[in-house]
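Student: This is the structure, below, for whatever I ask next.
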Amino acid sequence: MTTSAPLAGKRVLLGICGSIAAYKAADICSRLGKLGADVFVVMTSSATEFVGAPTFRALTRHPVLVDLFDEPLSDRIAHIDLAQSSDIVLVAPATANIIAKLATGIADDLLSTCLLAVPTSTPLLVAPAMNTVMLEHPATRANMTTLTERGVEIITTGYGVLACQDIGYGKLADVDEIVNAVRIRLSTHDDFKGRRLLITAGPTREPLDPVRYIGNRSSGKMGYALAEAAVHRGASVILVSGPTALEPPAFVKIVRVETAEQMLEACMHAAPTCDVVIGAAAVADYRAASVASKKLKRNSTTSLTVELLPNPDIIATIAARRAVGQFIAGFAAETDDIDVNAARKLQSKGLDLIVSNDVSRPDAGFDVDTNAVTLHWPDGRSEALPLQSKRATAEAILSCIAAAIAKHNLP
Ligand code: PMT
């Protein structure tokens, strides 16, 4: 294997659980090996009912361990050795059972014992595969939330026909996506170490009365992915978030707001101490001129006219008062004339970078897990990134920002 392979020199511990998707672990194992990784496999005994250990022995050229008392080297304790010598740990497929054990600290077989011995500094990725009802069970959801809060990366399941013939979420994510997630986590570096980032995410809600508001379709996924990626690259992150259903990424300072004016206030408080500001929020451009104190009554015979006032432009306000050396990036949510509109916003808001996305695409922009963005720079250069997960998009955006900061020798 040449040292130019992206994962050369990296040791991956691959945990495989008892799911019909276990056969896909062979592909994952092979792909990681081709990228240069040295893969060690631990299987649960139920996983061996679906696919044999010799498959993985052949793919990895290492013994495949299943039993807690499998000790290939008499002077080493296998579960501690495996857990502590790995650069990354991936569990794929992960059943509801292993997720529950990991969340609650149960160690009753080799894989669960290994997982408990993984140092918190080692990236741990979990790719669930299970029936939709099991996936959506409050216990599984709570366990996954616990893991996310501890910094475990859950690779979202795919949608489709499951082994039980149900249709829904619960399919193991694409092998490509899983391998890419490992690659991204292993290739990330400390390029934001010591830097403070302010990131805005989600929608704002502009109230009309105590029960109604003007809002938009932003889920917060793009901004949260940026925050998570930045933390993994060593940054301290303040995430100013409008209302979303997302759990904040681990180690991120979250400031929750509702309206654009509240978002502006939180950002103006945080911005002066930050090196980089990224505006991924979908801020409502208008708010009601007056908010009714009681619920507006329905009247079927007359129309209702609401006067709207323009909201402050948060990212432009930050840019106008930027601290020396601060790098400020915005997003442009467009449906037409994307390049022209993005370039105009870049200039009028005084930004160092604008990231446009075509929000009319079903697989990009609002409330989906993927995005296809183009980066536009003040000197007229632009770079289109492929359709990929929002996490991978976030990593690519951060790499470009890191390169721009380094080029201009910003502090
Ligand atoms: O949250 P998701 O579901 O993951 O969706 C992601 C996204 C589509 C919201 C995200 O990728 C995105 O495009 N965010 C910007 C949405 C937006 O408001 O775009 P805009 O073109 O209207 O605004 C341009 C820039 O100005 C943005 O950085 C925006 O945050 C900022 N802005 C806009 C209006 C305003 N009053 N204040 C602002 O700061």
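The values are calculated or read from the model by the stated rules, or taken from the named source; none is laboratory data. Predicted model, so just to flag it, every value in this text is computed and none were measured. As a convention, Cβ positions derive from the backbone with ideal geometry for all residues, glycine included, and neighbour counts pool all protein chains shown. Protein only, heavy atoms only, side chains kept; ligands, DNA and RNA dropped before computing areas. Shrake-Rupley method; radii C 1.70, N 1.55, O 1.52, S 1.80 Å.
Student: Looking at segment 284-335, what strands (runs of 3 or more DSSP E) fall wholly within it and have at least 3 residues that are closer than 30 Å to Val359 by Cβ, under 32 Å from the mean Cα position of the chain (by Cα) and touching a residue at least 24 places away in the same chain (Cβ under 8 Å)?
Tutor: 327-334
Student: Can I ask one more? Would you confirm whether any residue within segment 401-411 is modelled with pLDDT of 90 or more, of a type in the set (S, T, N, Q), more than 15 Å from the ligand (Cβ to nearest atom) and open to solvent by 50 Å² or more (accessible area, probe 1.4 Å)?
Tutor: No, that holds for no residue.
Student: Before we move on, is Val340 away from the ligand (no atom under 12 Å from the Cβ), aliphatic (A, V, I, L, M), modelled with pLDDT of 95 or more and open to solvent by 90 Å² or more (accessible area, probe 1.4 Å)?
Tutor: So Val340 passes the test.
Student: Continuing with the same structure: Give me a count of the residues in segment 159-177 that are part of a strand (DSSP E or B), open to solvent by 20 Å² or more (accessible area, probe 1.4 Å) and free of Cβ contacts under 8 Å to residues at least 40 places away in the same chain.
Tutor: Within segment 159-177, residues that are part of a strand (DSSP E or B), open to solvent by 20 Å² or more (accessible area, probe 1.4 Å) and free of Cβ contacts under 8 Å to residues at least 40 places away in the same chain number 4.
Student: Take Thr120 and decide whether it is touching a helix residue (DSSP H, G or I) at 6+ places or on another chain (Cβ under 9 Å), surrounded by fewer than 16 Cβ atoms within 10 Å (Cβ to Cβ) and under 25 Å from Val89 (Cβ atoms).
Tutor: Taking the combined requirement at face value, the residue does not satisfy it.
Student: Is it the case that Thr132 is touching an Asp or Glu at 6+ places or on another chain (Cβ under 6 Å) and either crowded, with 16+ Cβ neighbours inside 10 Å or not assigned by TED's automatic domain parsing to the domain that holds Pro310 (or both)?
Tutor: So Thr132 passes the test.
Student: When you go through Ala323, Ala333 one by one, which is the residue that is open to solvent by 10 Å² or more (accessible area, probe 1.4 Å), among the hydrophobic types (A, V, I, L, M, F, W, C) and in contact with a helix residue (DSSP H, G or I) (Cβ under 7 Å, 6 or more places away or on another chain)?
Tutor: Of the residues listed, the single one that is open to solvent by 10 Å² or more (accessible area, probe 1.4 Å), among the hydrophobic types (A, V, I, L, M, F, W, C) and in contact with a helix residue (DSSP H, G or I) (Cβ under 7 Å, 6 or more places away or on another chain) is Ala323.
Student: Go through segment 178-221 and give me each residue that's open to solvent by 50 Å² or more (accessible area, probe 1.4 Å), touching an Asp or Glu at 6+ places or on another chain (Cβ under 6 Å) and in a loop (DSSP other than H, G, I, E, B).
Tutor: Selection gives Arg205, Arg217.
Student: Another question, if that's okay. Could you please let me know if Leu351 is over 18 Å from Lys221 (Cα atoms), aliphatic (A, V, I, L, M), within 9 Å of the ligand (Cβ to nearest atom) and outside any strand (DSSP E or B)?
Tutor: yes
Student: Output the number of the condition that Asn341 fails; it satisfies all remaining conditions of (1) under 24 Å from the mean Cα position of the chain (by Cα); (2) not in a strand (DSSP E or B).
Tutor: (1)
Student: Can you pull out the residues in segment 354-373 that are near the ligand (Cβ under 9 Å from one of its atoms), within 22 Å of Ser399 (Cα to Cα) and open to solvent by 40 Å² or more (accessible area, probe 1.4 Å)?
Tutor: Across segment 354-373, the qualifying residue is only Asp369.
Student: Does Thr259 satisfy the criteria of being touching a residue at least 24 places away in the same chain (Cβ under 8 Å), out of contact with any Lys or Arg (no Cβ under 9 Å at 6 or more places or on another chain) and not hydrophobic (A, V, I, L, M, F, W, C)?
Tutor: No; evaluated as a whole, the condition is false for this residue.
Student: Can you tell me which of (1) open to solvent by less than 30 Å² (accessible area, probe 1.4 Å); (2) part of a helix (DSSP H, G or I) is the one Glu265 doesn't meet?
Tutor: Against the list (1) open to solvent by less than 30 Å² (accessible area, probe 1.4 Å); (2) part of a helix (DSSP H, G or I), Glu265 comes up short only on (1).
Student: Pick out the one residue from Leu264, Leu308 that is in contact with a Phe, Trp or Tyr (Cβ under 6 Å, 6 or more places away or on another chain) and farther than 22 Å from Asn371 by Cα.
Tutor: Unique residue meeting the criteria: Leu308.
Student: Just the residues that are charged (D, E, K, R) and within 15 Å of the ligand (Cβ to nearest atom), please, taken from segment 264-315.
Tutor: The answer is Glu265, Asp285, Arg287, Asp313.
Condition check ((1) farther than 26 Å from Ala8 by Cα; (2) out of contact with any Cys (no Cβ under 9 Å at 6 or more places or on another chain)) across all residues:
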{"site": "Arg57", "(1), (2)": "no, yes"}
{"site": "Thr60", "(1), (2)": "no, no"}
{"site": "Leu82", "(1), (2)": "no, no"}
{"site": "Ile88", "(1), (2)": "no, yes"}
{"site": "Cys114", "(1), (2)": "no, yes"}
{"site": "Leu147", "(1), (2)": "yes, yes"}
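Student: Pick from Ala83, Ala103, Ala107: which is in a loop (DSSP other than H, G, I, E, B) and more than 16 Å from Ile20 (Cβ to Cβ)?
Tutor: Answer to the check: Ala107.
Student: Please go through segment 222-245 and give me each residue that is within 12 Å of the ligand (Cβ to nearest atom), surrounded by fewer than 24 Cβ atoms within 10 Å (Cβ to Cβ) and either touching a residue at least 60 places away in the same chain (Cβ under 8 Å) or β-branched (Val, Ile, Thr) (or both), ordered by number.
Tutor: Scanning segment 222-245 gives a single hit, Thr244.
Student: Does Val277 qualify as being at pLDDT below 95 and assigned to a strand (DSSP E or B)?
Tutor: no
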